[in-house]
Amino acid sequence: MNRTDIARVFHYGLRSAILGGFATYILLLVRKGGLAEKVEPGMAVIVKLSAMGLYALAICQLLLLAEAAWEAASGGQDEDCGCGETPSSGIGAWLKYGIFLLPLAFGMLELWIL
């Protein structure tokens, strides 16, 4: 496994965790009855449906993670067609993920306190 493969696996895993985290946050809001405080009542059904979409996207990212890990472990990489983007691993990537992780962490913290 080279550095690029590890970066791809890490980024797919982090994306899956973020998408699953937001879907779980919506689910916990629904279960604790706090969704009405955060969202207009007419939009509640759409928000609940979006949680299902977020779970589906998280599963897709997990499948991409498994594919990338399998290719990296077997060493049988397909020829690079240039169509996929290798994610950056610097401070920019952490800032991009931090934009999503920080509100998610604060939202989960709020639910744990309630």
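The values are calculated or read from the model by the stated rules, or taken from the named source; none is laboratory data. No experiment lies behind these values; they were computed from the predicted model shown. Neighbour counts are summed over all protein chains in view; Cβ atoms, including those assigned to glycine, are modelled from backbone coordinates with ideal geometry. Surface accessibility is based on the protein's heavy atoms, side chains included, excluding ligands, DNA and RNA. Shrake-Rupley method; radii C 1.70, N 1.55, O 1.52, S 1.80 Å.
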Quick one: is E71 surrounded by 11 or more Cβ atoms within 10 Å (Cβ to Cβ), in a helix (DSSP H, G or I) and at pLDDT below 95? yes
Candidate set: segment 6-54, residues that are open to solvent by 30 Å² or more (accessible area, probe 1.4 Å) and of a type in the set (S, T, N, Q); chosen: the one nearest to G107 (Cα to Cα): T24
So which residues in segment 74-113 are of a type in the set (S, T, N, Q) and modelled with pLDDT under 80? Q77, T86, S88, S89
Can you confirm whether L63 is in a helix (DSSP H, G or I) and open to solvent by 40 Å² or more (accessible area, probe 1.4 Å)? yes
